[in-house]
Amino acid sequence: MSAQIPISTFKPYRGEKARLARAYDYLILVLALFLFIGSFHLHFALTVGDWDFWVDWKDRQWWPLVTPLIGITFPAAVQAVLWDKFRLPLGATLCVAALLLGTWVTRVFAYHYWNFFPINMVLPATMVPGALVLDTLLMLTNSLTITSIFGGGAFALLFYPTNWPIFGMFHQAVDYHNSQLSVADVFGFQYIRTGMPEYLRIIERGTLRTYGQYATPLSAFCSALLCSLMYPLWWKIGKLFADTRYLKRI
Amino acid sequence: MKSLFKPWLMAVLCINVLSIFAVPSAQAHGEKALEPFIRMRTIQWYDVQWSTQKFNVNDEVSVSGKFHVAEDWPISVPKPEASFLNISTPGPVLIRTERYLNGKPWTNSVSLEPGGDYEFKVVMKGRLPGHYHIHPFFNLKDAGQVMGPGVWLDIGGDPADFSNTIQTINGEMIDMESFGFANGVFWHLFWGLLAAAWLLWWVRRPLFISRYRMLDAGLEHELITDQDKTIAKAVLVGVPVLVLALNAVTANQYPDAIPLQAGLDRILPLPAQVNAGLVNVDTLKAEYNVAQRAMLLQFSIDNRSQGAVRIGQFSTSNVHFMNADLASVNSKPGKDDVSNNGLSLSDNTPIAPGEQRTVTVEVRDAAWESEKLDGLIKDADSRLGGLLFLYDDVMGKRYISSISAAVIPKFN
């Protein structure tokens, strides 16, 4: 640890020093933006993957379980750095915004222009409200424990209702050649994906069953519990990689 | 600078020279990459036809045909309990509008029965103009893709003309190309603006070095102001309330929303078309001569039908070896998956009704090598499979047998 500067002798930067410090801020911000666009987007694509890519994968059981659980990782790690070292309560929002930027670029250029899928078939989900809650809760409580339990829980619980205004309309029923399908299912049937047969969809599978036909709340609360554990885990990972040794020499 | 000029000039020249040579694009779907024993002994396609190979955007095109699910299904390949008849395309240049198995419409996956016979039809609609190599094929769960015969399709017209509307159960007509897009963009912009506002609120003031120094100096209380706290409290309460309110509005808007559908379709096989019992074929021996690229097959044929039959064709993995003596009936000149003289018999005379005869058939063609079927002898499971077609010219009937046998290689 560097020696703490006594409050009485602390002098804020002025003039050229202040300008240089501000230039450094912008440099780091731009680098961080591209870093998080690339790394978080890659992490998300490799783990959440098809659940976020396709409208006919966004089911009521696995999608609200898997997406927040993976989505809370980078926000927790970045918050650990930005809050602990700089008291900046924007780590989660920055990560989620960077992820969305990267996702939209990929959906438009790779999925639509390169592979010809209509963009409405590959609309991404958003986690912005959960991230705002995570940032504000951390700022107001300054507590890892409270943010883990309540912030992690809120991040998961808010995910499905946040996205229902976007995807609810894709769940209207269609009588498609004597089968009941949702509009989302019709997308999956009509717009041919060579490497994505219907049976590959991991939707409504496994022992995570409905209870009285209420599937989503069960998944969301399961995800909330897991997110409250995932959050401190990734906070610790963030702390592990947080290094301000160069700042101490300034 | 001068020293750098030369290498740069050389590099630019090299790139220009290389650009003269056209780089061919990949135009196949790896259909020869799968091990031969899987291609030969899983889905055995036949009579596959396209309604047309040249059409315009919005025009319909269909592919129909039959397939037999081999009885001698390889032990190393999971049984076809979830299978999906797909179309290999470079993206959705066509859309699939209808699909039928044994005359029944089906949209999900289906369980196929080894030994079962099926006929299929897939109806599609042109979406993007171009020249495309297309196959029907089966995605087999945990096994991979078994390709059907491929063709080239030419789609003409203007992509802007494409339209695709469907009707919901509530009677609403929706355009699949744009449905929900504007709404999705709106909500992403809405939440994106809130996120941007929160980020800008913090980014507008000095950040890293300044805040680090202040925190280090114990001035934490100056980094988070009362105004910051007030805004944070408003966000902490307001955002969840807004989310739940918007969710409730949407739930009221779509009260009949259904979950994604994930059932397995249940369609029984047709009455036996292959190995139907009237003409029984038992494979006694299969021997592959590597140097001659010839498969020697010995069959015991028991003709229990009313008429005399002759062997006309052997098909395996979408390659058709024809008996030249029956070429007038079966010859398909110009098709690279057809070997018109590929089949020769030890005894070509018709097998009379009630007669049981042992026949040696030589299937000789470079296709064994070019289609990478000769790789069979290097597989862990080196059994051959395929369909043997026998014809009763007088009665105009066709009998099909699905055959299989262990292959013995001859290297000299």
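Observations
- Checking each residue in region B:64-82 for being in contact with a Ser or Thr (Cβ under 8 Å, 6 or more places away or on another chain), of a type in the set (A, V, I, L, M) and under 14 Å from B:MET40 (Cα atoms) picks out B:VAL69, B:ALA70, B:VAL77.
- Helices (runs of 4 or more DSSP H) lying entirely in region B:156-267 (those with 3 or more residues that are more than 9 Å from chain A (Cβ to nearest Cβ) and not polar (S, T, N, Q)): B:181-203, B:226-253
- Boolean, B:ILE408 is crowded, with 20+ Cβ neighbours inside 10 Å, at pLDDT 90 or above and either out of contact with any helix residue (DSSP H, G or I) (no Cβ under 7 Å at 6 or more places or on another chain) or farther than 21 Å from B:PHE299 by Cβ (or both): no
- If you go through region A:155-180 and keep only what is closer than 26 Å to B:ILE166 by Cα and in a helix (DSSP H, G or I), you end up with A:ASN163, A:TRP164, A:PRO165, A:ILE166, A:PHE167, A:GLY168, A:MET169, A:PHE170, A:HIS171.
- Taking each residue of region A:78-102 that is at positive phi and looking for partners that are buried (at least 23 other Cβ atoms within 10 Å of the Cβ) and part of a helix (DSSP H, G or I) with beta-carbon atoms closer than 7 Å, six or more apart or interchain, yields A:ARG87/B:ARG211.
- Residue within region A:4-17 that is basic (Lys, Arg) and open to solvent by less than 20 Å² (accessible area, probe 1.4 Å) present: no
- Scanning region B:287-307 for residues that are open to solvent by 40 Å² or more (accessible area, probe 1.4 Å) and within 18 Å of B:ASP392 (Cα to Cα) yields B:ARG304, B:GLN306.
- Residue match in region B:172-191 (condition: within 26 Å of the chain's Cα centre (by Cα) and on the phi < 0 side of the Ramachandran plot): yes
- Looking only at residues of region B:276-286 that are part of a loop (DSSP other than H, G, I, E, B) and open to solvent by 60 Å² or more (accessible area, probe 1.4 Å), we find that the one that is nearest to B:GLN356 (Cα to Cα) is B:LEU278.
- Only a single item in (1) open to solvent by 20 Å² or more (accessible area, probe 1.4 Å); (2) over 21 Å from B:TYR254 (Cα atoms) is not met by B:VAL185, and it is number (2).
- Pick from region A:48-85, criterion touching a Phe, Trp or Tyr at 6+ places or on another chain (Cβ under 9 Å) and polar (S, T, N, Q), ranking: farthest from the other protein chains (Cβ to nearest Cβ): A:THR73
- Given (1) at the interface with another protein chain (Cβ under 10 Å from one of its Cβ atoms); (2) within 19 Å of the chain's Cα centre (by Cα), number of the condition B:GLY126 does not satisfy: (1)
- All told, A:TYR191 falls short of being of a type in the set (Phe, Trp, Tyr) and modelled with pLDDT under 80.
- Test: A:PRO197 is free of Cβ contacts under 8 Å to residues at least 12 places away in the same chain, within 14 Å of chain B (Cβ to nearest Cβ) and open to solvent by less than 10 Å² (accessible area, probe 1.4 Å): yes
- If you check A:CYS222, A:CYS227 for being more than 14 Å from chain B (Cβ to nearest Cβ), under 29 Å from B:ALA82 (Cβ atoms) and either surrounded by fewer than 24 Cβ atoms within 10 Å (Cβ to Cβ) or at pLDDT 95 or above (or both), only one passes: A:CYS222.
- Any hit, region B:375-387, residues being under 18 Å from B:LEU326 (Cβ atoms), of a type outside the set (S, T, N, Q) and either in a loop (DSSP other than H, G, I, E, B) or not assigned by TED's automatic domain parsing to the domain that holds B:GLN292 (or both): no
- Restricting region A:87-97 to residues that are of a type outside the set (Val, Ile, Thr) and surrounded by 23 or more Cβ atoms within 10 Å (Cβ to Cβ), the residue that is nearest to B:LEU223 (Cα to Cα): A:LEU88
- Pairs where the first residue, in region B:162-177, is within 19 Å of B:LYS125 (Cα to Cα) and the second is open to solvent by 80 Å² or more (accessible area, probe 1.4 Å) and of a type in the set (A, V, I, L, M, F, W, C), C-beta under 9 Å, 6+ apart: B:THR165/B:MET173; B:ILE166/B:MET173; B:GLN167/B:MET173
- Just so you know, in region A:122-158 the residues that are hydroxyl-bearing (Ser, Thr, Tyr) and out of contact with any Phe, Trp or Tyr (no Cβ under 8 Å at 6 or more places or on another chain) include one that is surrounded by the most Cβ atoms within 10 Å (Cβ to Cβ), and it is A:THR136.
- Selection status of B:ALA248, within 24 Å of A:PRO217 (Cα to Cα) and not assigned by TED's automatic domain parsing to the domain that holds B:TYR46: yes
- Verdict on B:SER51 being within 14 Å of another protein chain (Cβ to nearest Cβ) and of a type in the set (S, T, N, Q): no
- Here is the figure for region B:209-250: residues that are under 14 Å from A:TRP83 (Cα atoms) and surrounded by fewer than 13 Cβ atoms within 10 Å (Cβ to Cβ) total 1.
The values are calculated or read from the model by the stated rules, or taken from the named source; none is laboratory data. What you see is a predicted model, and the numbers here were worked out from it, not measured in a lab. Heads up, the Cβs are rebuilt from the backbone with ideal geometry, glycines too, and the neighbour counts pull from every protein chain shown. Areas reflect the complete protein model, heavy atoms only, side chains present, ligands, DNA and RNA absent. Shrake-Rupley method; radii C 1.70, N 1.55, O 1.52, S 1.80 Å.
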